[in-house]
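Structure, as structure tokens:
The values are calculated or read from the model by the stated rules, or taken from the named source; none is laboratory data. Given the structure is predicted, the values throughout are model-derived calculations rather than measurements. No Cβ is skipped: glycine too gets one built from the backbone with ideal geometry, and neighbour counts run over all protein chains shown. The protein model used for the area step is the full one, side chains on, heavy atoms only, and it has no ligands, DNA or RNA in it. Shrake-Rupley method; radii C 1.70, N 1.55, O 1.52, S 1.80 Å.
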Amino acid sequence: MPVGMFQENTVYQVQHFASYSVKPEVTKSWLGSNSDRTLLQLHGVGKSITAYSAYADDEGEVLVPFGAAVRVSRTHKKLVGRLSMITLSPHIE
């Protein structure tokens, strides 16, 4: 996901069910280090499904439902090397 598509204070609707991990060590295993990467950091978005996950002890999985409204609260372009981070929060009208 290109970091340039996220602008601070912009509201987006999640277009699919998406799962995320609350454990940073899990992301390290698939994030890589050799290319441009974008890490999404969520605050107050989604529901824990760890109790129902086949990988409950390993991932700490959170599910964000289709249609959830999120606001880009911060962007960190090229935070470390070629890694950028986008912070998403719930959009409350």
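At full extension, residue 35 and residue 52 could sit 2.8 nm farther apart than now, given 0.36 nm per residue minus the alpha carbon distance. Extension gain, residue 63 to residue 5: 0.36 nm times the residue separation minus the Cα-Cα distance gives 18.7 nm. Taking only protein heavy atoms and a 1.4 Å probe, the accessible area of the chain is 54% carbon and sulfur. Normalising the average separation of contacting C-alpha pairs (under 8 angstrom, six or more residues apart) by the number of residues puts the relative contact order of the chain at 41 percent.
For residue 48, neighbours were defined as the other residues whose beta-carbon sits under 15 Å from its Cβ, and their charges (Lys and Arg +1, Asp and Glu -1) total -2. With all protein chains in place and ligands, DNA and RNA left out, the 1.4 Å accessible area ranks 59, 25, 93 as 93, 25, 59, largest first. By the rule of a C-alpha distance below 20 Å, with chain neighbours fewer than 8 residues away ignored, the lysines paired with residue 23 are 47.
Our helix-only sum for the chain, with -39,500 (n - 2.57) per DSSP H run of n ≥ 4 divided by its residues, gives a mean residue ellipticity at 222 nm of -3000 deg cm²/dmol. For the options 22, 11, 80, a Gaussian network treatment of the chain with springs between C-alpha atoms closer than 10 Å singles out 80 as fluctuating the most.
Relative intensity of the range 20-62 on a log10 scale, I(q)/I(0) at q = 0.19, 0.26, 0.32 Å⁻¹, equals -0.62, -0.96, -1.16, per a Debye sum over C-alpha point scatterers of equal strength in the absence of solvent. In Å, the Kirkwood hydrodynamic radius of the chain over pairs of distinct alpha carbons? Computed over Cα pairs of the chain, the Kirkwood hydrodynamic radius comes out at 14.0 Å. Just add up the charged neighbours of residue 64: K/R +1, D/E -1, any other residue whose Cβ is under 14 Å from the Cβ of residue 64. With Lys, Arg at +1 and Asp, Glu at -1, the net is +1. Rg and Dmax, both from the Cα atoms of the range 1-47 and both in Å, are 12.3, 31.
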